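Visitor: One structure follows; several queries about it will come next.
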């Protein structure tokens, strides 16, 4: 009879989470490389190149693909014939594996979990607890699937209960454009159909753990209605022209995965959950013989790109910028930033707002006059690093602070990922500011442009504290110019008209 040792599962979980933090699944790399070769949009092609270069750097350096190293989700199929040698419950065992992985001294991973979810929202410090799903199955093996899901893509999960006669395709094509670019396309769409509300969401999440095989399916042809639906949605979602990072282009999704379950005759529950460019998941089985053995991929799996980030880019000195300088920038223009900028995310913005509302001065060192702020919460550095992987967070969350920040602090620019909402764009236009976009999923590449980092304010906020970074040739794209024109509006519209395969679905 198989006996699972507690320590074997703990170590397997820890090893798996370290592994997926710096190794993309080979199927994702192959699919992204194929999309890169086919891409015709210069902005989208540049974004894909950064993701691919970043991925190889992470594989070589064993550092996180993205600074958001994810919320851990675990799916366990427990054989009913196996035995346990353990004095902890399954949740405790999984949490100990998470704790060990996220505090590993050679590759510290960012702790993002907060508790309670409302109120104090204090960081748990070690990224516990994991979200654990358990199923009892026949047999004497332990089947484990582990994923690390970033907040940017998780926040774009959507659910609806359609009427049985409604068009699922129409709902998907209406819904995907509302997700924006905060989920960092190109990635995958997981779709769950049927069951109950919670079952449909679980099906969608589980679907994201499957290998990318859409091109094989296209070659072989569909063998059932679900495969037909996958192919239809793959073509029509990509025909929306959203493109990599929402910049407009040929590839928005690399695959569409669908899982189904029988449902009530009166219902059609449907869920969509996207997976981002930092897709992270792994599957292993324990049979009682020891921890899981995880074989590293070969560097030959990554394409060798002739990528020059300086080609065609405008070099910018952040230390000498004025509003007159930024007024000349246009949406889609590529920049290389050098000089000093401050960091700040949701919690730091809230504290600045509270100080401004009370008429109190900002902390020493937080002088935003003619300066830029970078929406980032970096991973802690290891060894000789200045800072750990430091990719952007979703800028839309800062829209509600933007008017006050621009009106009262002298701030002239912001750097983040994804689009800005109407309120953010109007504030940018009104104050003649700009918003620049860094590529989500290229966090280690961005970190290599950071030459120094010092804590400035709000140390208790951890990764959300305000820091001053000095950067050299940090690659960004002008996303919203000083006139309020947004590349996340113009890019997809242009490429949707070029692709021209389907009409725009409207309400």
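Visitor: Any chance you could count how many residues in segment 273-313 are outside any loop (DSSP other than H, G, I, E, B) and surrounded by 14 or more Cβ atoms within 10 Å (Cβ to Cβ)?
Guide: First, pick out the residues of segment 273-313 that are outside any loop (DSSP other than H, G, I, E, B): 273-275, 281-286, 299-301.
From what is left, the residues that are surrounded by 14 or more Cβ atoms within 10 Å (Cβ to Cβ) are 273-275, 281-284, 286, 301.
Here the count works out to 9.
Visitor: Okay, moving on. Filtering segment 43-80 down to residues that are in a strand (DSSP E or B) and surrounded by fewer than 24 Cβ atoms within 10 Å (Cβ to Cβ), which residue is farthest from the chain's Cα centre (by Cα)?
Guide: If we take residues in segment 43-80 being in a strand (DSSP E or B) and surrounded by fewer than 24 Cβ atoms within 10 Å (Cβ to Cβ), then 79 is farthest from the chain's Cα centre (by Cα).
Visitor: In addition: If you check residue 213 against the conditions, is it surrounded by fewer than 16 Cβ atoms within 10 Å (Cβ to Cβ), within 18 Å of residue 255 (Cα to Cα) and not assigned by TED's automatic domain parsing to the domain that holds residue 436?
Guide: Judged against the criteria, residue 213 is a match.
Visitor: When you look at residue 111, is it under 27 Å from the mean Cα position of the chain (by Cα), in a loop (DSSP other than H, G, I, E, B) and surrounded by 15 or more Cβ atoms within 10 Å (Cβ to Cβ), yes or no?
Guide: Judged against the criteria, residue 111 is a match.
Visitor: Give me the pairs: first residue in segment 353-382 and at negative phi and not assigned by TED's automatic domain parsing to the domain that holds residue 397, second residue assigned to a helix (DSSP H, G or I) and surrounded by 13 or more Cβ atoms within 10 Å (Cβ to Cβ), beta-carbon distance under 7 Å, and six or more apart or on different chains, which are they?
Guide: none
Visitor: When only residues in segment 88-108 that are farther than 12 Å from residue 69 by Cα and in contact with a strand residue (DSSP E or B) (Cβ under 7 Å, 6 or more places away or on another chain) count, which is surrounded by the most Cβ atoms within 10 Å (Cβ to Cβ)?
Guide: 94
Visitor: Going through segment 5-34 one residue at a time, which ones are buried (at least 22 other Cβ atoms within 10 Å of the Cβ) and more than 17 Å from the chain's Cα centre (by Cα)?
Guide: 9, 10, 12, 13, 16, 31
Visitor: May I ask you to say which residue of 366, 382, 387 is surrounded by fewer than 24 Cβ atoms within 10 Å (Cβ to Cβ) and in contact with a helix residue (DSSP H, G or I) (Cβ under 6 Å, 6 or more places away or on another chain)? I'd like the intermediate steps shown before the answer.
Guide: Details: 366 fails: in contact with a helix residue (DSSP H, G or I) (Cβ under 6 Å, 6 or more places away or on another chain); 382 fails: in contact with a helix residue (DSSP H, G or I) (Cβ under 6 Å, 6 or more places away or on another chain).
It is 387.
The values are calculated or read from the model by the stated rules, or taken from the named source; none is laboratory data. Please read all numbers here as calculations on a predicted model, not as lab measurements. We place every Cβ from the backbone using ideal geometry, glycine too, and count neighbours over all the protein chains shown.
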